[in-house]
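What follows is a single structure, written as structure tokens, with notes after it.
The values are calculated or read from the model by the stated rules, or taken from the named source; none is laboratory data. This structure is a prediction, so every number in the text was calculated from the model and none was measured. Positions of Cβ are generated from backbone atoms using ideal geometry, with glycine treated the same way; all protein chains shown enter the neighbour counts.
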Amino acid sequence: MVARYVPKAGDIVWMDFDLQTGREQGKRRPALVLTEQSYNRASGLAVVCPLTSKRKPYPFALPTVVDKVEGAILVDQLKSLDWASRRATFHSRLDPALLKKVRAYVAVLLGIR
């Protein structure tokens, strides 16, 4: 039996973001997983932040480079998504220092001290 991939915090995965509306990110794109693997396995969900290949001029878009492509992690568009239904596939790992920074931005965004 082949083990099924379960995303873990710090993974960059490719997944489907359709159906979206308004200013939400859509299509199949990379995303940063924020939740721990134990939660993702138990719930079938993962909290993720989509990535974009465009640099955004606002404070909750953290600059990053994936596969030599400059872009941003869209911290203010975090979502809880069904990673299996949205066909999440592992791509790479984010630097732990940048993951820590993303989590700090999430805390500010949500007013957590």
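At-a-glance table
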read-out	value
Out of Val65, Val102, Val47, Val13, sole residue that is touching a Phe, Trp or Tyr at 6+ places or on another chain (Cβ under 8 Å), of a type in the set (A, V, I, L, M) and closer than 30 Å to Arg113 by Cα	Val13
Count of the stretch 40-64 residues which are free of Cβ contacts under 8 Å to residues at least 24 places away in the same chain and in a helix (DSSP H, G or I)	2
Every pair of residues 6+ apart whose Cβ atoms lie under 9 Å, when the first sits in the stretch 10-39 and is at pLDDT below 85 while the second is of a type in the set (A, V, I, L, M, F, W, C)	Glu24/Phe17; Gln25/Phe17; Gln25/Ala31; Gln25/Leu51; Gln25/Leu74; Gly26/Phe17; Gly26/Leu19; Lys27/Phe17
Residue that is nearest to Pro7 (Cα to Cα), among those in the stretch 40-65 that are out of contact with any strand residue (DSSP E or B) (no Cβ under 8 Å at 6 or more places or on another chain) and at pLDDT 95 or above	Arg41
Selection count where residues are assigned to a loop (DSSP other than H, G, I, E, B), aliphatic (A, V, I, L, M) and touching a residue at least 60 places away in the same chain (Cβ under 8 Å), scope the stretch 87-112	2
Asp67 vs. criteria without any contact (Cβ under 8 Å) to a residue 60 or more places away in the chain, at positive phi and more than 14 Å from the chain's Cα centre (by Cα)	yes
